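Reading through the C-alpha cells given below for one structure.
We did not get these values from a lab; they are worked out from the coordinates using the rules stated. Being a predicted model, the structure only gives us computed values, none of them experimental. Because the Cβ atoms are built from the backbone with ideal geometry, glycine has one as well, and the counts that use them run over all protein chains shown.
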Amino acid sequence: MPTLLWFLWSFGLMAIALSTRNPLYLVLLLLVACIVREAVRTPSQRGISILRFALIAIPLSAIFNAISVHFGDTVLFVVPGDLPVFSGPVTLEALAYGAINGLMLTTVLAAFSTLSLAVAPREWMRLAPRAYQSVGLTMSIAMGFAPQVMARLREVRDAQAIRGHRVRGLRDWLPLWMPLLTGSLEQSMQMSEAMVARGYGATHSQATSARAQGLLLAGLALGLLGWVMQLLVVNGWWLGTGLLVAGGVLLFAAMRLSAGNAPHTAYRQQRWQARDVVIALMLTATCTGVLIAPALGIAPSLTYTPYPALTAPSFDVWIGVALLAFLAPLLRRG
Amino acid sequence: MIATPVQTPAIQHTPAPPGQRAPTRVLSALVFALASLIGVFAFIAPFFLPTIAQNTAGMGGQAYSPLFLVTLLLLSLGALMLEAQGRAMNAKLIALLGVLIAINSALRLAETVLPGPGGFSPVFMLIILTGCVFGARVGFLMGALSLLVSAFVTGGIGPWLPYQMFTAGWMGMTAGIFSSIPPLVPRSGTRIAGDFRLPIFDSSESKIGNRKSKIRFGALLAFAAAWGFLYGAIMNLWSWPFLAGDPAQSWQAGLSVADGIKRYAVYYVATSLWWDAFAAIGNVMLLALFGLPTLKVLLRFKRKFLFEIGD
C-alpha cells in the first residue's frame, strides 16, 4: 500500500481515537488496529506487545487518575489528610475516566506501531520536503527506532533480571539505562556506516548556501518588521501585512534553494492502483463522517464522559460500521 | 596508510556547489538570533500586545490571534531547522540524533503511561546532555525534534506543539554553553582534542575528582534545575491568556506590561511553582544519578565519530 495511504490510515485512526472517550468505539478501533497490525507484520518484525502495553497502561492510568482527580458522584473511599493532589474522595468516575485514557493511549500506540511496521524508514523520508531532507531522515530514523527501543529495554530488563537485578528505586535503573543507551548508539554507528557506504552525502553539499542563508535572514527580518509595523504604526496594518507576506515568500525561496542541494531519486516508484484510490476515498469518507458530520448536527456524536455519574456509553451501529473501514488495508493485501 | 586519529570538526562540510558561496558562521548566528527573537516575542506577546493593539485602533489585535502566533512560530521554527540541519548534519550525526530522539520518545511514552510526580519528566536529561556534548545546534535539533516525534508517538499533537518544540529547542541550545568552555583536564599527547572537549567531565576521568570539576558539575545541575522551572514558566505563557480565573492572576486585555508580568507571576506561583519544582528536582536527580555515565558514553561516541583514517 502506498506510504501516503498508510499515513491517512494511521492518522485518521489516531484522530478519531483522540477525539472520543467512548470506550466502545475505542475498543473497536483498537481491535481493528491490532488485526491490521498482525496482517502487515512479517515474521522477522517483533515490535512491541500491544496486549502487554494495555495491561500496564490501562490499570496505571486508572489508578493515577482516581487518586489525583477528585470529581464524580460515586465515592469509593476517601484519602484522609492534607496531602496535596492525593487527599480527597476517590470516585468510580475518575477511575473509569483514567482507564478510558489508558485505552485511548493503547489505541494510538497500536495505530502508530502498525504504521512503523508497515512503512520502512526510507519511505518516511521520501515524504519530507526536500529542503528538510536531513531533518526528515532523522525523524524517520527516530520513528522507526522508537518501538525498537522499547523492545530493547525489555530485552535488557530480562537479561538483568536473570542476573538477579530488581528495580526498586530510581538508582536501580542505571544497569538498564546504560546497556540501552550504549546498544542503541552502537546501532546508530552501524546505521551511519551503512548510509555512508550507500553514498549518503557523497554527491552534494549538505550545508545551506550563503545565498539561502541570506534569504532566510531577509525573510525573518521582513517578517519581524511587518509584525512590528502591524502593531506599532498607526494605519500600518496593510504595509505590515505586505512585509509579512514578502518575508514568507523569501523564506519559501530559501527553502526552494536549499531543496536544490538535496536531490533524491527512487529506485522503485510507488504507483497508486485503483484499489488504493478506493481505500483512500473510504478512509476520507469515514474520517469526515465521524469527525466533522457530528459538528454539523447530521450524525451522532462520539462524545462520552463518565462524569459526573457513570453511565453506560452509547453505541451507534452506523458509526461502528464506518469505523470498520479502517480494515481496508486487508483488502489491499488480499 | 597509517590509521591515526586526526583532528576533524564534528560538523563536516563538503564544498558548496559551483556558483554558491559557502555558508558563513556570522549569517548562521544571525539567522538563529533573529528566529529566536521572533519566538521570544511570540511567547511574551500576552504582556505587551494588548496595550499596543489598543493604541493602534483595533487592527493590531489581529496580530495577536493564536493562529497568527502559531503560524509565526512555525515559520521561525522552519527557518531554524533549515539552518541547523544545514550546518550540523552528516550521516553519523543524523543516525545518532535519530536514535537519541527515539530513546527520548520512548521515555515520554513511558511517562505518559506512568506519570511521575508533578512536572517530573525524564526527557529533559538527554536534551541537556546532548546540547552539552554536541553543541548548541545539535542541542536545538535534539530538543525540538524530541518533542515533535514524541508527540506523534503519544498522540500529543496540538496548538501547543510549536511552543513545546521551541522551548525544548532553547533548552538544548543553551546547554551548548557547556560545550564551549575549555576542557578541565588538558590532554597532552593526543591529537584529537579540541572539538569534543567537555568542561565538566573528561572521558578519561572515571569520576569527578577535583574542586573545579565539582563546581562545573554543580553548574550543570543548577542549569538543569533552572530549566525545570523555566520550561513550565515559558510553556504556561501560550495558554495563560485563554484561562479564566481569579482576576488577580488572570490575563486581561488592556493591561500594562508591568501589571501583566505581576499577574503572571502570581498565576505562576499559585498554579505551577510546586508542579515545576518536581520537574527541577527530577532533572537534578536524573543528572546526579545518570548524568556522568551518560556523558561518558556520549563523549566516547563523539570521539568515534571524529575518528578518520589519515593518509
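What the Cβ-Cβ distance of A:Met178 and A:Phe252 gives, at R0 = 35 Å and to the nearest 0.05, is a FRET efficiency of 0.20. Panel order for A:Ile100, A:Ile141, by other beta carbons found within 10 Å of each beta carbon, from fewest to most: A:Ile100, A:Ile141.
In straight-distance terms, cross-link reach from B:Lys214 covers every one of the lysines whose alpha-carbon lies under 19 Å from its own, apart from those fewer than eight places away in the same chain; here that gives B:Lys296.
Any idea what diffusion coefficient region A:209-260 gets from Stokes-Einstein, in µm²/s, Kirkwood Rh on alpha carbon pairs, 25 °C, 0.890 mPa s? It would help to have the intermediate numbers written out before the result.
Values: Rh = 10.9 Å.
For these conditions, the coefficient is 224 µm²/s.
Grab the DSSP H runs of chain A that are 4 residues or longer, score each as -39,500 (n - 2.57), total them, divide by all residues and round the 222 nm result to the nearest 500 deg cm²/dmol. Provide the component values of the computation, followed by the final result.
On the way: 12 runs with 214 residues, N = 334.
Calculated from helices alone, the mean residue ellipticity at 222 nm is -21500 deg cm²/dmol.
Derived scalar couplings between HN and Hα for region B:266-271 equal 5, 4, 5, 5, 6, 10 Hz in order, rounded to whole Hz, by the Karplus curve 6.51 cos²θ - 1.76 cosθ + 1.60 (θ = phi - 60°), x for Gly and Pro. Taking amide H positions as modeled 1.01 Å from N, with prolines and chain starts lacking one, the residues under 5 Å from A:Val79 and 5 or more places away or on another chain are A:Gly88, A:Val90. Rounded to two decimals, the Cα radius of gyration of region A:1-64 over 2.2 N^0.38 Å is 1.26.
Under 5 Å between amide hydrogens, built in the peptide plane, is the criterion, and for A:Arg21 it picks out A:Tyr304 among residues at least 5 positions away or on other chains.
Exposure proxy for A:Glu123, A:Glu155: other Cβ atoms within 10 Å of each Cβ, ordered fewest to most, give A:Glu155, A:Glu123.
Expressed in nm to one decimal, what extension gain is obtained for the pair A:Glu186 and A:Leu18 from 0.36 nm per residue of sequence separation less their Cα-Cα distance? Please list the in-between numbers first.
Values: separation 168, 0.36 × 168 = 60.48 nm, distance 3.57 nm.
Computed gain between A:Glu186 and A:Leu18 is 56.9 nm.
Annotation for region A:287-334 versus region A:69-108: alpha-carbon center distance of 26 Å.
Do me a favour and compute the ellipsoid semi-axes for region A:136-197 from its Cα gyration tensor, root of five times each eigenvalue, largest one first, whole Å. If you can, show how the numbers build up before the last one.
On the way: eigenvalues 149, 28, 18 Å².
Taking √(5λ) for each Cα gyration eigenvalue gives 27, 12, 9 Å.
Using the Cβ-Cβ distance between A:Phe315 and A:Ala161 with R0 set to 41 Å, the FRET efficiency from 1/(1 + (r/R0)^6) comes to roughly 0.45. Could you tell me the ratio Rg/Rh of chain A? Both radii from Cα atoms, Rh via Kirkwood. Computed over Cα atoms, the ratio is 1.04. Peptide A:97-110 has a mean shielding of 2, counted as Cβ atoms of other protein chains within 10 Å of each residue's Cβ. Phi angles across region B:73-85 convert, under the Karplus curve 6.51 cos²θ - 1.76 cosθ + 1.60 with θ = phi - 60°, into 3J(HN,Hα) values of 5, 5, 5, 5, 4, x, 5, 5, 5, 4, 5, 5, 5 Hz, Gly and Pro given as x.
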